[in-house]
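Below is one structure, written out as structure tokens; comments come after it.
Laboratory data are not the source of any read-out in this text; all were calculated from the coordinates shown. The structure displayed is predicted, hence computed values, not measured ones. Backbone-built Cβ (ideal geometry, glycine too); neighbour counts: all protein chains shown.
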Amino acid sequence: MAEKFLVQTPAKFQVIYDPKGKIAGEYDLEGMPSTFIYDRDGKLAIQHLGFLEKEAAGLEAQVVALLEKRAAKPAEEAKDEHSK
């Protein structure tokens, strides 16, 4: 089923298969597909369950907004800038 979908709608990201559900169990996933998008600081920014074509534009807008944000500067780097 996933293979057929990916032929019709190729992914521009790595797809991980979990036929035995080991990863799904470790993360207590509620359903498939599950999407987790992290910001530049490594914090979970978007969590999405399922896929509907009508939701694609909204999700894309969220990702674009995340990409436009700069990563937070490490505390030491920010401290150095203020002491100059």
Dividing the alpha-carbon Rg of the chain by 2.2 N^0.38 Å yields what? 1.48
Restricting attention to the range 1-59, which chymotrypsin sites (Phe, Trp or Tyr not before Pro) occupy a DSSP loop and are surrounded by at most 12 other Cβ atoms within 10 Å? 13, 17, 27
How many nm separate the modelled label positions at residue 7 and residue 48, each set 7 Å beyond the Cα in the direction of the Cβ? 2.5 nm
Given charges at beta-carbon only (K, R positive; D, E negative), |dipole| of the chain in Debye: 140 debye
